[in-house]
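Shown next, in structure tokens, is the structure this report addresses.
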Amino acid sequence: MDADAIVVGGGLAGLGSAARLAEAGRDVTLLERRPTVGGRVRSREVDGFTLDRGFQILFTSYPAVRRELDVDALDLRAFSPGATICRPGSRAVLADPLREPTAVVESALNHEVPFSDKLRTLALRYDLSKRAADEFFAGSGPDASIREYLTDWGFSSDYVANFVEPFYGGITLDRSLSTSKAVFEYTFRAMSRGSIAIPAGGMTAIPEQLAERAADAGVEVRTGEDVEAVDVGSGGRFRLGSGGPADGARVELADGETLDADVVVVATTPPEARTLTGVESIPDAGVPNVTAWYALPERSSFATGRRILLNAADESPNAVVPISEVATEYAPRNRPLLAATFLGESALERDAEDLRVDTREALSSWFPERGFESLETVAVDRIPFAQFAQPPGIHATLPDPDDPEGPVVLAGEYTEWSSIQGALASGRKAVTTASKYL
């Protein structure tokens, strides 16, 4: 055997499972198609700005985040709780009175959300706080869309349209709120227990930390390696008659090299994992996202109170995020850096200048006291598969780590739910399953 375990894919799930296997004393090789590890969680430098691959945030209270990462070492910069609801000529803060008492009066005077909904939000928070984290995606009861769930709770149409649609549009990439209520419940509970934040060095700090942990444990990381097939045995399901090892599994690389191992952990994107393993319950329907990054002139004054700006009047952009106000390290020379998010398939095809005009006009209408003619496009990220689609009922149909035949194990958010929590938790569960073959 070339290794005890081969991990295909260097995203969060792959890095986490590789590190845990090596820490258990196994000989592990990780294969990543791209030049660097990180999968969909990575950052780059453009003209001195730190740009994540699309707007991403870390929920600090996620159990797997606390378990798998050294959170203090990430040097996190937190957003203020809540958000600012924006429309032409109006900005209204909706804060968490329990976590930010100084914003109680400002939030109470918010005219975009009825007072009854503010009280109902506290009741919902209390209800969700009593539930265990592993209950939400267990599929033990009937599922519903987020919109249906909020209607059942009695929330007003103003609350849903002005706050939930743009806020959860940013989390689920689905402003229609047709995503499973489980995602809303889990993330709402997480926000009431912790912060949403970004590392000072960019979201890439997360996979970099996992990669360092894996390297310290002895994992051999090979980047630029494109895996074409996974075989199991001479009569394997994935490549019938391929002549693989009688025990264990074989990985075929694009350059013709083959590697044998006692177990192979497939931790690629959902479409790639489905192709490699033939497990049809792996979801292959993706939800797109476009994030446009903008800079203002040096020493421009732009303060939001470190809150996300929600577009209550229009869907383009869905929201504008004051990145450098939250993490000054993201921008050079005191230049404000903003991220504007756009949802839906149509956004993928829109011209960068059209996106900039929409963002400039929105900001100008929200902040009429200042101009945004100098808003400069730094970059635009167009991501066709930012998450897998999560309609009601899908989580009960997702595959288990041991669904492939033979010593092949799945590790990816598609065995849990689409999130950093799901990716990290899946990596740990994959190790438990893989250990049966080692």
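Could you please let me know if residue 49 is open to solvent by less than 10 Å² (accessible area, probe 1.4 Å), among the aromatic types (Phe, Trp, Tyr) and in contact with a helix residue (DSSP H, G or I) (Cβ under 7 Å, 6 or more places away or on another chain)? So residue 49 fits the description; yes.
For the stretch 117-166, a residue qualifies if it is more than 22 Å from residue 318 (Cα to Cα) and of a type in the set (Gly, Ala, Ser), and the qualifying residues are 123, 129, 132, 133, 138, 139, 140, 141, 144, 154. Here residue 339 passes the criteria (1) touching a residue at least 60 places away in the same chain (Cβ under 8 Å); (2) closer than 13 Å to residue 86 by Cβ; (3) outside any loop (DSSP other than H, G, I, E, B) except the one numbered (2). Checking each residue in the stretch 1-38 for being surrounded by fewer than 24 Cβ atoms within 10 Å (Cβ to Cβ), of a type outside the set (A, V, I, L, M) and touching a residue at least 40 places away in the same chain (Cβ under 8 Å) picks out 2, 4, 20, 23, 26, 27, 29, 33, 34, 35, 36, 38.
Among the strands (runs of 3 or more DSSP E) confined to the stretch 1-84, the ones with at least 2 residues that are of a type in the set (Val, Ile, Thr) are located at 3-8, 28-32.
Kindly check whether there is at least one residue in the stretch 299-306 that is closer than 30 Å to residue 390 by Cα, touching a residue at least 12 places away in the same chain (Cβ under 8 Å) and not in a loop (DSSP other than H, G, I, E, B). Checked against the condition, which is being closer than 30 Å to residue 390 by Cα, touching a residue at least 12 places away in the same chain (Cβ under 8 Å) and not in a loop (DSSP other than H, G, I, E, B), the stretch 299-306 yields no hits at all.
Note on the stretch 152-162: residues that are in contact with a helix residue (DSSP H, G or I) (Cβ under 8 Å, 6 or more places away or on another chain) and surrounded by fewer than 19 Cβ atoms within 10 Å (Cβ to Cβ) total 5.
For the stretch 362-414, taking the residues that are assigned to a loop (DSSP other than H, G, I, E, B) and among the acidic types (Asp, Glu), the one that is farthest from residue 3 (Cα to Cα) is identified as 369.
Residues in the stretch 163-182 that are in a helix (DSSP H, G or I), touching a Lys or Arg at 6+ places or on another chain (Cβ under 8 Å) and open to solvent by 10 Å² or more (accessible area, probe 1.4 Å): 165 only. If I filter the stretch 356-367 for residues that are free of Cβ contacts under 8 Å to residues at least 12 places away in the same chain, more than 20 Å from residue 89 (Cα to Cα) and of a type outside the set (Gly, Ala, Ser), do I get at least one hit? Looking for residues that are free of Cβ contacts under 8 Å to residues at least 12 places away in the same chain, more than 20 Å from residue 89 (Cα to Cα) and of a type outside the set (Gly, Ala, Ser), one finds none in the stretch 356-367, hence no.
Of all the listed residues (147, 120, 189), the sole one being of a type outside the set (A, V, I, L, M) and in contact (Cβ under 8 Å) with a residue 40 or more places away in the chain is 189. A search for C-beta distances below 6 Å between a residue of the stretch 403-421 that is under 16 Å from residue 30 (Cβ atoms) and any residue that is part of a loop (DSSP other than H, G, I, E, B) and open to solvent by 20 Å² or more (accessible area, probe 1.4 Å), counting only pairs 6+ apart in sequence or on different chains, returns 409/401; 410/401. Scanning the stretch 107-123 for residues that are open to solvent by less than 60 Å² (accessible area, probe 1.4 Å), at pLDDT below 95 and among the basic types (Lys, Arg) turns up at least one hit. Does residue 291 satisfy being part of a loop (DSSP other than H, G, I, E, B), touching a residue at least 12 places away in the same chain (Cβ under 8 Å) and among the β-branched types (Val, Ile, Thr)? Answer is no for this residue. Of all the residues in the stretch 144-164, those that are touching a strand residue (DSSP E or B) at 6+ places or on another chain (Cβ under 9 Å) and more than 16 Å from residue 188 (Cβ to Cβ) number 1. Of the residues 34, 40, 26, 53, the single one that is closer than 30 Å to residue 258 by Cβ, at pLDDT 95 or above and touching a Ser or Thr at 6+ places or on another chain (Cβ under 8 Å) is 34. Filtering the stretch 124-144 to residues that are without any contact (Cβ under 8 Å) to a residue 60 or more places away in the chain, loosely packed, with under 12 Cβ neighbours inside 10 Å and either in a helix (DSSP H, G or I) or among the small types (Gly, Ala, Ser) (or both) leaves 126, 132, 134, 138, 140, 141. Of all the residues in the stretch 52-75, those that are surrounded by fewer than 20 Cβ atoms within 10 Å (Cβ to Cβ) and among the aliphatic types (A, V, I, L, M) number 3. The condition of being closer than 19 Å to residue 86 by Cα and among the β-branched types (Val, Ile, Thr) holds for only one of 308, 282, 383, that being 308.
Looking across the stretch 128-156, the residues that are farther than 16 Å from residue 117 by Cα and among the basic types (Lys, Arg) come down to 130, 131.
Looking at residue 372 and the list (1) touching an Asp or Glu at 6+ places or on another chain (Cβ under 9 Å); (2) at pLDDT 95 or above; (3) not small (Gly, Ala, Ser), which single condition is not satisfied? Against the list (1) touching an Asp or Glu at 6+ places or on another chain (Cβ under 9 Å); (2) at pLDDT 95 or above; (3) not small (Gly, Ala, Ser), residue 372 comes up short only on (2).
The values are calculated or read from the model by the stated rules, or taken from the named source; none is laboratory data. Computed from a predicted model, the values in this text were never measured in an experiment. Glycine also receives a Cβ, built like all others from the backbone with ideal geometry; neighbour counts cover every protein chain displayed. Just the protein is used for accessible areas: all its heavy atoms, side chains included, with ligands, DNA and RNA removed. Shrake-Rupley method; radii C 1.70, N 1.55, O 1.52, S 1.80 Å.
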